[in-house]
Structure formats: structure tokens, C-alpha cells
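All remarks here apply to the structure that follows.
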Amino acid sequence: MTDEEVRRVLDSIDALGSTGDAEERARRLTELLDQWPSTHAKVREMRQQAIAELYDSGNGLTYKEIGDMLGISFGRVRQIIAGETVSPKRRKPTRKPEDNA
């Protein structure tokens, strides 16, 4: 189930692309995309802080307990607390220059 505040944010994003004429929609969506990298980073940092609080708090929750609570793996909890932003499974393989020959 999606939290009501999250649902409102997602609904607002949907509305940006579905109301107004094409020019208005394009301008609003361009503005959102221009601001998205810093907004995404801010949300990621806020999540990291909240999860670190769960781990470090007087509760002393384990990675597994936090993962179960949030519906993510204990390994992902560890990555988030460590500030790792991309799961190793999702990383694109890197190519060495000689591989392009």
C-alpha cells in the first residue's frame, strides 16, 4: 500500500503530463526534469538518514529487521547506510578501451 503523501506526489507528477496544452506540459515537465537530479539526491540522502537512525537508534535494529520492515534485502539496507547509490546487480558492465577493438 502506498502512503498517502507518496500517492499525492505521484499524482502531482501524473498531472504535470496530463493537464494543459502540449506547450504547457512540455515546459512543466522540462522544469521538473531539470530539477530532478538534485531532488532525487535529496530524497536518497533523507532515506539514508532515516535508515541509519533505525540502525543506530536505541532500538538497535539489525539490517535484516530494517529490510523486513521496508521490504528490501538486508544487503540493500547495508548499501543504503554505506551511501552506495547503485546496486551492483544494476550496474552496467564497464568496457576496457581494448574491448572496443
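Determine, yes or no, whether residue 8 is under 17 Å from the mean Cα position of the chain (by Cα) and of a type in the set (D, E, K, R).
When the stated conditions are applied, residue 8 passes them.
Yes/no matrix, rows are residues, columns are (1) in contact with a Phe, Trp or Tyr (Cβ under 6 Å, 6 or more places away or on another chain); (2) open to solvent by less than 60 Å² (accessible area, probe 1.4 Å); (3) at positive phi; (4) at pLDDT below 95:
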residue: 6; (1), (2), (3), (4): no, no, no, yes
residue: 15; (1), (2), (3), (4): no, yes, no, yes
residue: 30; (1), (2), (3), (4): no, no, no, no
residue: 45; (1), (2), (3), (4): no, no, no, no
residue: 58; (1), (2), (3), (4): no, no, no, yes
residue: 88; (1), (2), (3), (4): no, no, no, yes
residue: 93; (1), (2), (3), (4): no, no, no, yes
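Name the residues in the stretch 46-82 that are small (Gly, Ala, Ser) and under 22 Å from residue 3 (Cα atoms), would you?
Passing the criteria: 50, 52, 67, 71, 73.
Could you tell me which of the residues 53, 23, 31, 5 is part of a helix (DSSP H, G or I) and within 17 Å of residue 80 (Cα to Cα)?
53
The values are calculated or read from the model by the stated rules, or taken from the named source; none is laboratory data. These numbers were taken from a predicted model, which means no experiment stands behind them. Backbone-built Cβ (ideal geometry, glycine too); neighbour counts: all protein chains shown. Calculation scope for accessible area: heavy atoms of the full protein, side chains included, ligands and nucleic acids excluded. Shrake-Rupley method; radii C 1.70, N 1.55, O 1.52, S 1.80 Å.
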